[in-house]
Amino acid sequence: MFSPKQNPRVYGVAPGIDFPQALWHGVLSRMQGQPPEAMARVQIIVNTQRMARRLRSIADRGPATLMPRIDLLTHVGKDLAHKEIPAAVNPLRRRFELIQLIARLLEQQPDLAPRASLYDLADSLAGLMDEMSGEGVSADTIEKLDVTDQSGHWERAQAFFGIARQFLSTVDDAPDSETRQRMIIQRLADHWADNPPEHPVILAGSTGSRGTTMLLMQAVAKLPQGALVLPGFDFDTPPSVWSALSDALTAEDHPQYRFAKVLSELGLTADEVQDWSPEAIAPCPERNKLISLALRPAPVTDQWRREGPDLTGLDLATQNVTLLEAPSMREEALAIAMRLRQAAEDGQTAALITPDRMLTRQVTAALDRWDILPDDSAGTPLQLSPPGRFLRHVGALMFRPLTSESLLTLLKHPLTHSGEERNNHLRFTRELELYIRRKGITFPDPEVLAAWSKTIDGAESWGDWVVRCFCNQETPGSLDFEDHLSTHLARAELIARGSVSDAGTGGLWDEKAGRDAVKTVSNLQENAQYAGELTAAAYMDLFGAVLSQGEVRDRDAPHPNILIWGTLEARVQGADLTILGGLNEGSWPENAKPDPWLNRKMRHDAGLLLPERRIGLSAHDFQQAVGAKEVWLTRSIRSDDAETVPSRWINRLVNLLEGLPQQNGPEVLDDMRERGGHWLGMVQVLEEVAPVPAAKRPSPKPPVASRPTRLSVTEIKKLIRDPYAIYARHTLRLRPMDPLMRTPDALLRGIVIHEVLEQFIKDVSKDRTRLTPEHLLELAETVLAKNVPWPTARNLWKARIERIANQFIADEGARQNRGKPVGFETKAKTDIANLGFTLTGTADRIDRTSTGDLVIYDYKTGAPPTQAEQRYFDKQLLLEAAMAEKGGFMDIEPAEVLEAIYIGLSNSPKTVAAPLIEMPTAQVWAEFEQLIARYLDADQGFTSRRALRKDTDYSDYDQLARFGEWDVTDEPTSETLS
């Protein structure tokens with residue numbers, strides 16, 4: 001296949017060329033004139049399964065020929081060394097073993113790191129060990145590093161590195177996968193040195209970014225019939241630039257750095273690299289030259305001034321390039337989606353290439369409006385799939401108290417009770433939710449659930465199943481990981497199969513997502529013995545971390561021509577339209593991940609990979625992709641919270657073009673932006689909303705027969721301030737939905753404190769010696785423990801009562817001397833016969849003085865209303881006083897009301913009396929009758945937000961009234977209803 005040659009054979013394929021296509025054509029051209037069986041002896045080594053599949057699919061199109069042997073990098077040499085080299089240790093087992101050792105270290109030195117980072121530390125340390133093995137760096141090399149300037153950091157890192165050294169010392173007997181692969185490649189290279197294969201061996205598509213791969217590339221290149229085929233090799237880079245790529249500290253972020261290193265290791269120069277397939281022409285050679293100059297290493301960008309004027313054909317280079325700079329990520333995603341839709345209609349193959357998963361999710365969501373599901377190579381993270389979410393929710397029961405929210409979240413999950421009779425399950429779940437909302441249950445307990453299930457026809461066995469599966473599932477203390485896992489999975493399967501059957505797992509392990517979840521769970525089960533003892537919370541942290549590394553992908557459902565690729569997939573695919581999205585710093589290229597073990601200089605000195613390696617690989621991916629036939633370059637000017645920084649490659653391209661006015665650089669740049677602006681204009685049209693007239697401020701006039709004829713004293717304030725709320729509640733009979741979970745809000749605080757004070761006053765009335773702060777606090781603790789299940793709120797409210805206790809006791813002594821309590825939470829009802837209206841109410845407390853007069857008290861946990869507010873708006877106490885004098889209170893003889901007083905219980909307790917002197921009860925009642933008569937008049941409208949205290953005050957019916965489309969300065973719009 002290859003002519004004899006002294007030097008290693010290294011070939012390249014220019015950026016923009018479909019690499020697998022060019023590779024196969026190059027093989028065919030070199031096999032011309034060879035017997036048919038010669039093709040079967042050719043061995044092609046590729047780095048991904050996708051590349052292998054693509055090569056086979058291209059070969060299947062013809063011409064007819066025998067297939068060469070196509071191997072993956074990870075499979076090379078296994079037939080030679082699998083009996084001599086021990087099997088690789090499961091990566092999960094290695095991380096579990098590290099977790100145990102790191103946990104013991106953190107017990108001795110808790111200031112080193114939080115325990116919640118156990119898995120992350122183990123994963124990072126295992127990654128460092130893999131990298132050391134792959135790059136051939138020994139533990140001794142690390143320990144000999146010069147740490148003069150970073151002694152504090154190194155001292156902390158050494159504590160963990162001592163753990164890694166234990167594993168590295170036994171790596172020959174129990175190698176990890178990276179170490180074993182290097183051992184195999186080393187064994188294969190030694191074997192080939194003595195017994196070189198006679199058949200052609202082609203290693204194609206690798207950049208040599210890892211030490212093990214570099215070792216194999218050197219071994220292949222030195223074979224008599226060996227050859228390397230480099231993807232995206234820049235033939236336009238001059239020798240002076242190749243010589244500048246020798247220093248990793250300054251050049252590793254350059255797209256061609258890895259190739260320079262490969263050539264250096266082989267003793268070659270860039271001009272010795274041959275074109276693998278000369279007949280494969282780059283879609284736009286002029287663009288390749290432009291990009292090559294734009295991406296020159298930073299130390300030599302002064303070459304722009306010297307070589308820039310020699311660039312020609314900028315119009316050809318950019319005529320199929322669109323630069324889209326969207327105001328936001330949403331508009332960027334919409335523009336991309338619209339272009340992908342156009343490609344689908346035109347029958348084009350279009351690919352979005354980006355490492356930004358948020359952008360891909362937004363594009364996928366935007367395509368959904370046209371029923372287009374893109375073929376996303378990354379799939380869905382397993383933890384976000386239905387079984388992933390289900391397993392995480394079930395696991396949370398092991399270490400968190402059961403709340404109404406967590407219970408209903410699981411009961412409504414599509415995998416819950418997926419065995420039989422799911423229709424009844426959903427019916428019972430709906431009834432349970434309504435009951436929970438109505439009763440304000442935050443923490444459901446077995447007794448409440450069991451009692452409720454007996455009130456619903458057919459739900460008793462279902463209720464027993466709910467109690468058995470969900471209640472009291474917390475696991476105290478520490479258990480072996482195996483025990484946690486078996487309990488977790490058993491409970492998940494019980495919940496999935498439901499209350500009807502005693503066998504099966506429902507739909508938990510069905511479909512593609514279920515099968516992928518089974519693989520992850522099986523891997524956990526196989527290695528659970530190495531994880532040791534953990535608390536339930538630590539177990540779920542570990543389980544979730546492992547689950548997050550899996551992904552689910554259904555290859556059959558998506559659109560065949562609308563593709564979303566990561567940068568790795570893009571290396572081996574071809575498309576008519578290539579969209580490079582998310583070209584902002586931090587997205588593409590991604591920020592270098594922080595290394596908790598070695599800083600940049602230490603990595604360089606040790607011979608490990610620098611953080612810039614990922615940036616250099618991204619730059620190479622960019623250079624390959626931007627050379628395609630039609631290209632979009634997209635970015636968003638702003639992210640969710642700040643202005644973005646353009647990707648360094650966009651910056652370089654823009655700056656270079658702007659600096660070439662003689663070649664019309666600024667003009668072609670404007671054309672690129674204009675093409676992007678056209679699609680942004682289409683986005684604006686798509687998003688444009690037809691103007692709808694704003695709603696008017698409502699003031700409905702329902703028929704008199706539909707108007708409320710019964711209100712409570714607390715609703716009179718609302719009738720005055722926000723009549724529309726009374727209309728919505730009593731005429732339309734709309735009620736705000738009860739919250740799913742009761743929260744420690746102001747309403748509950750008021751109820752609890754009222755209960756405490758009522759019991760306290762009753763006790764003091766029977767025994768005056770109990771009028772002490774100690775007794776008040778004792779009662780408070782009992783009532784709080786019964787009604788407030790939130791420890792933080794309970795302590796805060798208790799502290800509040802402690803602060804006001806002394807003042808309240810002193811004031812209460814004076815109140816006890818003045819009169820005796822004759823009613824607590826006493827209900828009242830008074831009719832206005834001529835209007836057919838009834839006023840109801842409940843007084844917190846009523847005392848009778850020695851002269852027979854009444855004193856009415858109302859407890860306020862917030863600030864009591866001022867006398868001015870009571871005079872015009874908050875008439876609760878004034879009306880209660882009038883009702884008391886009319887004999888409206890049950891079991892309390894009518895008498896003159898001496899005073900009506902608000903007792904404030906805020907942090908600064910105070911009392912505010914109702915203005916009975918300025919407004920006698922007769923006047924109060926006459927004005928009240930006038931108010932009710934007015935609202936029972938057919939011409940009176942119920943105006944929304946008529947006189948709220950502040951514009952920011954919230955009403956339950958603001959959305960119904962469409963507040964926001966109007967404001968309180970607008971005149972009410974009356975509407976007569978029938």
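The values are calculated or read from the model by the stated rules, or taken from the named source; none is laboratory data. Everything quoted here is computed from the prediction, not taken from an experiment. Note that each Cβ is placed from the backbone with ideal geometry, even for glycine, and that neighbours are counted across all protein chains shown.
For the reader, a short list of remarks on this structure follows.
- Positions within the stretch 533-561 being in contact with a strand residue (DSSP E or B) (Cβ under 6 Å, 6 or more places away or on another chain) and under 20 Å from L340 (Cα atoms), in sequence order: P558
- Check on H754, part of a helix (DSSP H, G or I), free of Cβ contacts under 8 Å to residues at least 24 places away in the same chain and surrounded by 13 or more Cβ atoms within 10 Å (Cβ to Cβ): no
- Residue tally, condition touching a residue at least 60 places away in the same chain (Cβ under 8 Å), under 24 Å from P255 (Cα atoms) and polar (S, T, N, Q), over the stretch 637-654: 2
- Among the residues of the stretch 199-224, those that are surrounded by fewer than 20 Cβ atoms within 10 Å (Cβ to Cβ) and at pLDDT 90 or above comprise H199, Q218, K222, P224.
- Of L508, L542, all but one fail to be part of a loop (DSSP other than H, G, I, E, B), in contact (Cβ under 8 Å) with a residue 24 or more places away in the chain and touching a helix residue (DSSP H, G or I) at 6+ places or on another chain (Cβ under 6 Å); the exception is L508.
- Matching residues in the stretch 671-687 - criterion: being within 16 Å of R330 (Cβ to Cβ) and not β-branched (V, I, T): G676, W679, L680, G681, M682, Q684, L686, E687
- Qualifying residue in the stretch 580-602 (condition: in a helix (DSSP H, G or I) and either buried (at least 16 other Cβ atoms within 10 Å of the Cβ) or within 24 Å of the chain's Cα centre (by Cα) (or both)): yes
- Positions within the stretch 791-845 being among the polar types (S, T, N, Q) and either not in a strand (DSSP E or B) or not assigned by TED's automatic domain parsing to the domain that holds I892 (or both), in sequence order: T792, N795, N806, Q807, Q816, N817, N834
- Of all the listed residues (E420, E447, E405), the sole one being surrounded by fewer than 19 Cβ atoms within 10 Å (Cβ to Cβ), modelled with pLDDT of 90 or more and more than 17 Å from D738 (Cβ to Cβ) is E447.
- Flag for L948 being farther than 30 Å from L757 by Cα and of a type in the set (A, V, I, L, M): yes
- Taking residues in the stretch 393-413 that are touching a residue at least 12 places away in the same chain (Cβ under 8 Å), and partners anywhere that are of a type in the set (V, I, T) and surrounded by fewer than 17 Cβ atoms within 10 Å (Cβ to Cβ), the pairs with Cβ atoms closer than 7 Å and at least 6 places apart or on different chains are H393/T409.
- Any hit, the stretch 624-633, residues being at pLDDT 85 or above, part of a helix (DSSP H, G or I) and of a type in the set (G, A, S): yes
- Among the residues making up the stretch 669-705, a single one is part of a loop (DSSP other than H, G, I, E, B) and touching a helix residue (DSSP H, G or I) at 6+ places or on another chain (Cβ under 7 Å): P702.
- Any hit, the stretch 555-562, residues being buried (at least 21 other Cβ atoms within 10 Å of the Cβ), within 19 Å of S57 (Cβ to Cβ) and at pLDDT below 90: no
- Flag if E885 is closer than 20 Å to Q807 by Cβ, surrounded by 15 or more Cβ atoms within 10 Å (Cβ to Cβ) and of a type in the set (D, E, K, R): no
- Scanning the stretch 319-342 for residues that are modelled with pLDDT of 95 or more and either outside the structural domain of A628 (by TED's automatic domain parsing) or among the hydrophobic types (A, V, I, L, M, F, W, C) (or both) yields V321, L323, L324, A326, A333, L334, A335, I336, A337, M338, L340.
- Leading residue by the ranking (farthest from the chain's Cα centre (by Cα)) among those in the stretch 35-50 that are loosely packed, with under 14 Cβ neighbours inside 10 Å and modelled with pLDDT under 90: P36
- Residues of the stretch 920-978 that turn out to be in a loop (DSSP other than H, G, I, E, B) and free of Cβ contacts under 8 Å to residues at least 12 places away in the same chain, as a count: 7
- Within the set A900, A863, A895, A926, the sole residue that is under 18 Å from R818 (Cα atoms) and surrounded by fewer than 19 Cβ atoms within 10 Å (Cβ to Cβ) turns out to be A895.
- Test: residue in the stretch 760-772 that is touching a His at 6+ places or on another chain (Cβ under 9 Å), surrounded by 14 or more Cβ atoms within 10 Å (Cβ to Cβ) and of a type in the set (D, E, K, R): yes
- Selection of the stretch 353-368 for residues being within 18 Å of A557 (Cα to Cα) and crowded, with 17+ Cβ neighbours inside 10 Å yields T360, V363, T364, A366, L367.
- The single condition from (1) of a type outside the set (A, V, I, L, M); (2) out of contact with any strand residue (DSSP E or B) (no Cβ under 6 Å at 6 or more places or on another chain); (3) at pLDDT 95 or above that E918 fails is (3).
- Residue in the stretch 487-495 that is more than 23 Å from L101 (Cα to Cα), touching a strand residue (DSSP E or B) at 6+ places or on another chain (Cβ under 9 Å) and in a helix (DSSP H, G or I) present: yes
- Subset of the stretch 429-458 (residues that are within 19 Å of H413 (Cβ to Cβ) and either touching a Ser or Thr at 6+ places or on another chain (Cβ under 8 Å) or assigned by TED's automatic domain parsing to the domain that holds K786 (or both)): I436, P444
- Residue check, A814 more than 16 Å from V752 (Cβ to Cβ) and surrounded by fewer than 14 Cβ atoms within 10 Å (Cβ to Cβ): yes
- Selection status of S765, out of contact with any Asp or Glu (no Cβ under 8 Å at 6 or more places or on another chain), in the same structural domain as K875 (by TED's automatic domain parsing) and either closer than 30 Å to R369 by Cα or among the hydroxyl-bearing types (S, T, Y) (or both): yes
- Being without any contact (Cβ under 8 Å) to a residue 60 or more places away in the chain and hydroxyl-bearing (S, T, Y) is a property that holds for S3.
- When we screen A122, A64 for residues that are over 22 Å from A219 (Cβ atoms) and free of Cβ contacts under 8 Å to residues at least 24 places away in the same chain, the only hit is A64.
- Criterion (modelled with pLDDT of 95 or more and either part of a loop (DSSP other than H, G, I, E, B) or closer than 18 Å to R934 by Cα (or both)) met by exactly one of P708, P744, P736: P708
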